[in-house]
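Values quoted throughout were computed directly from the atomic coordinates according to the rules given, and no laboratory measurement underlies them. Source: prediction; values computed, not measured. Quick reminder, even Gly has a Cβ in these numbers, built from the backbone with ideal geometry, and neighbours come from all protein chains shown.
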Amino acid sequence: MSYQADIEADIIIVGAGVVGLAIASEVANEGRDVYLLEKNERFGQEQSSRNSEVIHAGIYYEKDSLKMKTCLEGNSLLYELCEKNGIAHRKCGKVIVATNAAEAEELEKLYRKGKGNGVPLRMLSRREMVQLEPNMSGIAAFSSPTTGIIDSHALMEYFLDKAKSNGAQVAYGTEVVGIEKVSGGYIVEAQDPSGASSLMTKVLINCAGLYSDKVAEMAGIDIDEADCRLCWCKGEYYSVRGGKNKLVNRLIYPVPMTISVGVHVCLDIGWRLRLGPLFYYVNEISYQIDDSRKRPFLESSVMKALPFIKSSDLHPDTSGIMAMLQGEGEGFRDFVVRHEYDRGLPGFINLVGIETPGLTSSPAIARYVSNVVDEVFGN
Ligand SMILES: Cc1cc2nc3c(=O)[nH]c(=O)nc-3n(C[C@H](O)[C@H](O)[C@H](O)COP(=O)(O)OP(=O)(O)OC[C@H]3O[C@@H](n4cnc5c(N)ncnc54)[C@H](O)[C@@H]3O)c2cc1C
């Protein structure tokens, strides 16, 4: 049986965020027709451009989880990539600081967890705390020297250029609206301003971020049975003005007392200082923020560690929304990166719940997916 398709592809990737771009840069080569379909007019307009731009070290995640493994691998791959290709970054390190006895107890546990994950960490003496961060107050802290910051836009541009120079084609303003499993692959229905088109592909990779559960559903997966229905979690940032950025030397994080890492110091490459993200679950996508959540910022643990930041220094800045598998009050959930052949979908590679540390993990996830793709093509 033959199918009518406007384009015949070897690989279609849905979504040009940092993960889709990283994968495109790995799987594209001269012998393959690779298409990257993105519903927005530009790449990286959703999670990938609305985050803290931290190169995480791998401290927080369950041992041997995909989050832990891809974060550690991604951390070293990113530094290597940045050095080689002139991508702006800074291995500034971070400290995690406890401001009371209960936090100090949790700090100790987190330190052991991070060490157990193989992350280089160092418990600090009081004297070292003062030496590293003279303006910080706290009763105990450890440092993570391999944490850093990166220009995420420059990283995405690098992946995009590499993918294109290896022959990948990128279609912006092109939304995937339907997927049909056919013999030898998938028919992907896409909608762009000029109308509808259909593309035939052998391999289909779902990197649709906030909508990746919907794309999985289009491919025929029962997302409730597969336990991969997403929740959306909004994180708000406040900028800190008044020259206070000169009073911090590295990233400063609180001890996570809930499931999130907590409101922390964010610094970009230009050393602009923000606090955030303050997370809460939402049902709609709106990036608008006002100062109605200033109080939780003022009450957050990190503010106790940074007594030089006053309420009048804080101004609502940006926000981002994260694709979470973990619902409110629920425990750890790992990334889903899965070749769905056992659900009768050979060649469908499904990525769902790629929340933090997805930016850090992106080059490692791309390598992992590239190996799966090679297996599908029998390379
Ligand atoms: C507030 C916040 C802070 C974070 N901080 C960090 C951090 O400091 N360090 C870190 O490592 N990670 C961090 N993360 C996580 C990181 O940003 C994400 O894991 C990463 O950006 C996910 O990339 P992605 O490509 O999977 O998703 P996205 O960037 O969301 O890209 C998905 C793309 O798919 C497209 N798409 C969706 N549906 C369709 C469709 N049907 N057809 C075509 N295109 C479609 C979307 O338009 C989008 O461009 C943070 C995230 C947030 C929200």
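Identify the GluC sites (Glu not before Pro) of the stretch 1-40 meeting these criteria: DSSP loop state and at most 10 other C-beta atoms within 10 Å of the C-beta.
Sparse-neighbourhood loop GluC sites (Glu not before Pro): 30.
Springs between alpha-carbon atoms under 10 Å, Gaussian network over the chain: tell me which of 168, 16, 57 tops the mean-square fluctuations.
168
Rounded to the nearest whole Å³, what is the per residue volume of the convex hull around the Cα atoms of the chain? Don't jump to the answer; show the numbers that get you there.
Values: hull volume 52.6 nm³, N = 379.
Looking at the chain, the number lands at 139 Å³ per residue.
Compute the FRET efficiency between residue 379 and residue 85 as 1/(1 + (r/R0)^6), taking r as their Cβ-Cβ distance and R0 = 30 Å, and round to the nearest 0.05. Spell out each step's value before the answer.
Details: r = 26 Å, r/R0 = 0.86.
Computed FRET efficiency for residue 379 and residue 85 comes out at 0.70.
For the stretch 216-263, max minus min Cα coordinate along each principal axis, in Å, sorted largest first?
Rounded to whole Å, the extents work out to 53, 22, 15 Å.
In debye, nearest 20: dipole of the chain around its Cα centre with unit charges on the Cβ of K, R (+) and D, E (-)? Intermediate results must be reported in sequence, preceding the final value.
Values: 40 positive and 50 negative charges, 423 e Å.
Dipole magnitude for the chain comes out near 2040 debye.
Within the stretch 1-92, report the chymotrypsin sites (Phe, Trp or Tyr not before Pro) that DSSP leaves as loop and that have at most 15 other Cβ atoms within 10 Å.
3
When the label point is put 7 Å from the Cα of residue 280 along its Cα-to-beta-carbon vector, which residues of the stretch 301-323 have a backbone N closer than 16 Å?
316-322
In angstroms, what radius of gyration and Dmax does the stretch 261-379 have, counting Cα atoms only?
19.3, 61
In vacuo Debye scattering of the stretch 198-304, one point per C-alpha: log10 I(q)/I(0) at q = 0.14, 0.20, 0.24 Å⁻¹?
Reported log10 I(q)/I(0), two decimals: -0.74, -1.06, -1.32.
Per residue, what volume in Å³ does the Cα convex hull of the stretch 110-197 take up? Please list the in-between numbers first.
Numbers: hull volume 22.4 nm³, N = 88.
That works out to 254 Å³ per residue.
Determine, at each q value in 0.11, 0.13, 0.21 (inverse angstroms), the log₁₀ of I(q)/I(0) that the Debye formula gives when each Cα of the stretch 62-181 is one equal point scatterer.
So the normalised log intensities are -0.58, -0.72, -1.20.
If you consider only alpha-carbon coordinates, what radius of gyration and Dmax does the stretch 24-91 have, in Å?
Rg, Dmax (Cα atoms, Å): 15.0, 40.
Please identify every one of the chymotrypsin sites (Phe, Trp or Tyr not before Pro) in the stretch 276-379 that sits in a loop by DSSP and has no more than 12 other beta carbons within 10 Å of its own beta carbon. Numbers along the way, then the final one.
On the way: sites: 279, 280, 281, 287, 297, 308, 332, 335, 341, 348, 368, 377; in loops: 287, 308, 332, 335, 377.
Sparse-neighbourhood loop chymotrypsin sites (Phe, Trp or Tyr not before Pro): 287, 332.
As a test of the definition: which semi-axes, in Å, follow for the stretch 13-127 when you take the square root of five times each eigenvalue of its alpha carbon gyration tensor? Largest first, please. Each step should come with its number before you reach the end.
Numbers: eigenvalues 241, 46, 43 Å².
In descending order the semi-axes read 35, 15, 15 Å.
For the chain, what is the percent of antiparallel DSSP beta bridges, rounded to the nearest 5? Could you put the intermediate results ahead of the total?
Details: 49 of 70 bridges.
Approximately 70 percent, going by the DSSP bridge assignments.
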